[in-house]
Amino acid sequence: MIEPLIELRKLSKSFDRASFRLAGGEKQQAVCGVSLRVAPGETLGLVGESGCGKSTLGRMAAGLLEPSGGEVLVKGLSLWDKKAHKDYAAFRKSLAGVVQMIFQDPYSSLNPRMSIGESVAEPLLCSDAWRRGRKVSKEEIRERVPAMLSKVGLEADAAARRPHEFSGGQRQRIAVARALITEPAFVVCDEPTSSLDASVQSQVLNLLLDLQDEFGSSYLFISHDLAVVRHMSDRIAVMREGRLVEEGGADDVFFHPAQDYTRLLLEAAS
């Protein structure tokens, strides 16, 4: 059996919001006991209705949101257990070279005060894993940023411009460039094309596949669109109300779903 690159073990997340406390209600359970594995070079598709906990699970897998229970393992190392590391701060800093995330809305995820070049270079400056203990030089940044922008189909002069000067599709390409410039082992793609029109959506999806072939990255691909997920994924996991209800090969889940809920999602998408 191939050792997983990412492993989620009985992962849970609840939110204790002031509105719930004032109303005397219980905590909101967003994710409940989800266990998943992602192998090196594999794409795991994650589907479910809006509000089912997909994005919350993705943020926990990327190390952006601390779980209420369970654990996330990256190459066998616990993401949140500080006692498991000799230097936890250094481990967390090194994650920029191992784990990245592409957000649903590229405009809100790009700092409007930073140039595109600065935004794309930021993961390099944060990543000990990529620079291997040495400081990234200005010369290296000047070489790698234009090269990465070129890979996603943008001209070199894009580096000097600001996010508002680009279309939605171009901004998503910039977000892809920023996520992949460190050649991470694992990328969480959270509805990366849901706000794009069909032609641009296809371009971004093909770009993600091409870059995956080049860098060998694993993807957790989150979407409500089962057809897109089938096209992108090796396996598919289905969530409902914070729980995992089905998991299997992409074609098996798409053509032979085991759960009524999955069949309903397929019927709604057809």
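The values are calculated or read from the model by the stated rules, or taken from the named source; none is laboratory data. Because the structure is a prediction, the values reported are computed rather than measured. We place every Cβ from the backbone using ideal geometry, glycine too, and count neighbours over all the protein chains shown.
Looking at CYS52, is it within 30 Å of ALA268 (Cα to Cα), surrounded by 18 or more Cβ atoms within 10 Å (Cβ to Cβ) and more than 17 Å from the chain's Cα centre (by Cα)? So CYS52 does not fit the description; no. Of the helices (runs of 4 or more DSSP H) lying entirely inside segment 90-155, those containing at least 2 residues that are more than 11 Å from ILE174 (Cα to Cα), out of contact with any strand residue (DSSP E or B) (no Cβ under 8 Å at 6 or more places or on another chain) and at pLDDT 80 or above span 116-126, 138-151.
Of the residues VAL200, VAL238, VAL228, the single one that is surrounded by 17 or more Cβ atoms within 10 Å (Cβ to Cβ) and closer than 18 Å to LEU8 by Cβ is VAL238. Residues in segment 243-260 that are farther than 16 Å from ALA227 by Cα and out of contact with any helix residue (DSSP H, G or I) (no Cβ under 8 Å at 6 or more places or on another chain): ARG243, LEU244, ALA258, GLN259, ASP260. Scanning segment 248-263 for residues that are surrounded by fewer than 19 Cβ atoms within 10 Å (Cβ to Cβ) and touching a residue at least 12 places away in the same chain (Cβ under 8 Å) turns up GLY248, GLY249, ASP251, ALA258, GLN259, TYR261. Of all residue pairs spaced 6 or more apart or on separate chains, those with beta-carbon atoms under 8 Å, a first member in segment 146-162 that is under 23 Å from PHE215 (Cα atoms) and without any contact (Cβ under 8 Å) to a residue 40 or more places away in the chain and a second member that is part of a helix (DSSP H, G or I) and among the polar types (S, T, N, Q) are LEU154/GLN170; ALA156/SER150.
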